[in-house]
Amino acid sequence: MTRLGVTEEDQALADAVARYATEAIAPLASDIDAHERSATCHVPGLAALGVMGMNLPERWGGPGVTPTAMLLSLVEISRACAATSSMIGAHYLGTDAVLIGGDDDQRGRYLPRAASGEWLAGFALTEPRGGSHPADLRTRAVRDGDRYRIDGVKHFISNAAEAKFLVVFAKTDATAGARGVSAFIVDTDRPGVKVSAPEKLMGIRGGHAFEVAFESVEVPLANRLGDEGSGFKTAMKVLDNSRLDVAATSLGIAEAALAAALDWARERQVGGEPLAGKQGIQWMLADMKLRLEAAWGLTMQALALRTAGQPFTLQSAMAKLYASEMVAFVADTALQIYGGYGFTREMPLERYVRDARILRIYEGSSEIQRNIIARIVLG
């Protein structure tokens with residue numbers, strides 16, 4: 001289906017990624033889920049396609065594609081395996097933070113090797129007690145000459161065990177709220193960085209998440225991103241981008257669920273006729289398609305503003321909120337159409353439902369998105 005704002009070049013790249021996802025990613029999705037294997041097994045192939053650096057300009061090792069091509073590619077990967085898309089999104093969080101908040105020396109040291117797939121990145125903002133709220137951050141970074149000493153614990157940090165570096169957010173001024181948050185590039189092989197076993201997750205089981213403890217970890221001044229106190233602004237700009245990545249994952253899972261439901265409705269015979277002949281089923285399919293297309297519209301609107309270099313915080317929040325709630329409806333309705341078969345592990349529907357659930361929580365829960373939208377609307 002041709003969408004407004006998508007060029008032939010964008011679509012050609014997305015089609016190439018779709019072929020790879022169909023041939024190499026989809027066949028492993030069920031096994032990755034069942035055995036909780038890390039989706040990083042796909043990094044070499046994705047890097048060869050340029051996917052690991054799609055969020056980066058050519059100057060820093062990326063393929064120089066448009067945000068539209070990147071989003072369409074993430075949709076196709078998510079159709080095949082949402083855990084793989086989640087792993088890529090976490091990598092983009094880390095590299096976006098360096099791109100947005102770093103200087104040319106930092107970009108040159110980290111981004112080309114991240115874009116090539118040699119180094120995996122992560123993003124360490126969330127904490128066990130305070131989520132992502134800046135006033136509640138307990139991780140501290142204390143300056144000591146030409147270095148900082150970081151102490152604290154981060155939670156639900158994707159990619160941490162395999163990442164070469166994490167962008168870590170810590171308080172450099174405990175009394176200044178959001179203005180006291182600074183960001184640091186922390187190499188994971190530094191003494192004092194301790195990564196837990198992966199969490200046991202309900203869905204996206206191949207997108208491993210970890211608790212990471214920082215025990216007097218020394219980080220050179222050259223690895224601070226921007227000025228002291230600028231970290232929270234960097235995080236918010238990164239999250240504007242990543243919320244579109246979450247929307248893309250939502251769209252991909254929903255596209256897969258709708259396609260599965262359509263195939264089943266056409267093939268499944270009840271009372272001598274296919275399910276597709278039942279008006280009740282037709283209305284379910286119509287509602288699924290309607291909500292899916294509405295989510296596409298909100299996402300493409302936000303994407304157009306991002307591409308034009310315009311502010312898109314409101315549009316990104318709306319796209320993330322609506323798409324993540326849409327996919328819950330679409331995946332659950334698809335399972336309902338399958339009936340008892342949808343509840344079995346022989347079919348992918350139950351995985352779609354489980355994978356979709358986290359999308360209303362991470363990168364800012366649905367409630368946080370509503371707060372953002374209301375604040376902007378109220379002015």
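The values are calculated or read from the model by the stated rules, or taken from the named source; none is laboratory data. What you see is a predicted model; the values in this text were computed from it and never measured. Positions of Cβ are generated from backbone atoms using ideal geometry, with glycine treated the same way; all protein chains shown enter the neighbour counts. Side chains are part of the model used for accessible areas, which takes the heavy atoms of the whole protein and leaves out ligands, DNA and RNA. Shrake-Rupley method; radii C 1.70, N 1.55, O 1.52, S 1.80 Å.
Taken together, the criteria exclude VAL51 from residues that are under 17 Å from the mean Cα position of the chain (by Cα), modelled with pLDDT of 95 or more and over 26 Å from TYR110 (Cβ atoms). Condition first: open to solvent by less than 70 Å² (accessible area, probe 1.4 Å) and of a type in the set (Phe, Trp, Tyr). Can you find one or more residues in the range 324-338 that meet it? So far as the range 324-338 goes, yes, one or more of its residues are open to solvent by less than 70 Å² (accessible area, probe 1.4 Å) and of a type in the set (Phe, Trp, Tyr). Would you check which residues across the range 339-349 are touching a Gly at 6+ places or on another chain (Cβ under 6 Å) and either open to solvent by 50 Å² or more (accessible area, probe 1.4 Å) or among the charged types (D, E, K, R) (or both) and list them? Matches in the range 339-349: none. Right, GLY309: open to solvent by 50 Å² or more (accessible area, probe 1.4 Å), in a loop (DSSP other than H, G, I, E, B) and small (Gly, Ala, Ser) or not? For GLY309, the condition - open to solvent by 50 Å² or more (accessible area, probe 1.4 Å), in a loop (DSSP other than H, G, I, E, B) and small (Gly, Ala, Ser) - is met. Among the residues that make up the range 127-137, is at least one of them under 14 Å from ALA209 (Cβ atoms) and either open to solvent by 60 Å² or more (accessible area, probe 1.4 Å) or touching a Lys or Arg at 6+ places or on another chain (Cβ under 8 Å) (or both)? Yes: one or more hits. Close contacts from the range 6-32, counting a first residue that is under 20 Å from THR307 (Cβ atoms) and a second that is open to solvent by less than 40 Å² (accessible area, probe 1.4 Å) and of a type in the set (S, T, N, Q), with Cβ to Cβ under 7 Å and a gap of 6+ residues or different chains, come to VAL6/THR68; ASP10/THR68; LEU13/SER73; ALA14/SER73; VAL17/SER73.
Just one of the listed residues (GLY152, GLY231, GLY226, GLY206) is within 19 Å of TRP119 (Cα to Cα) and in contact (Cβ under 8 Å) with a residue 60 or more places away in the chain, namely GLY206. Here TRP296 passes the criteria (1) over 24 Å from ASP263 (Cα atoms); (2) in contact (Cβ under 8 Å) with a residue 40 or more places away in the chain except the one numbered (1).
The residue list ALA257, ALA317 contains one member that is in a helix (DSSP H, G or I), farther than 28 Å from LEU125 by Cα and either among the charged types (D, E, K, R) or open to solvent by less than 10 Å² (accessible area, probe 1.4 Å) (or both), which is ALA257. You will find that of ASP240, ASP245, the residue that is touching a Phe, Trp or Tyr at 6+ places or on another chain (Cβ under 9 Å), farther than 30 Å from ARG345 by Cβ and in a helix (DSSP H, G or I) is ASP240 and no other. The requirement of being out of contact with any Ser or Thr (no Cβ under 7 Å at 6 or more places or on another chain), more than 18 Å from PHE156 (Cα to Cα) and assigned to a loop (DSSP other than H, G, I, E, B) is satisfied by GLY117. Selection within the range 233-249: residues that are touching a strand residue (DSSP E or B) at 6+ places or on another chain (Cβ under 8 Å) and β-branched (Val, Ile, Thr). The member of this set that is surrounded by the fewest Cβ atoms within 10 Å (Cβ to Cβ) is THR234.
Say we look at the range 350-379 and pick out the residues that are among the hydrophobic types (A, V, I, L, M, F, W, C) and over 21 Å from the mean Cα position of the chain (by Cα); which of these is surrounded by the most Cβ atoms within 10 Å (Cβ to Cβ)? So the residue we want is ILE376.
The number of residues in the range 354-374 that are touching a residue at least 40 places away in the same chain (Cβ under 8 Å) and either of a type in the set (Lys, Arg) or not in a loop (DSSP other than H, G, I, E, B) (or both) comes to 11.
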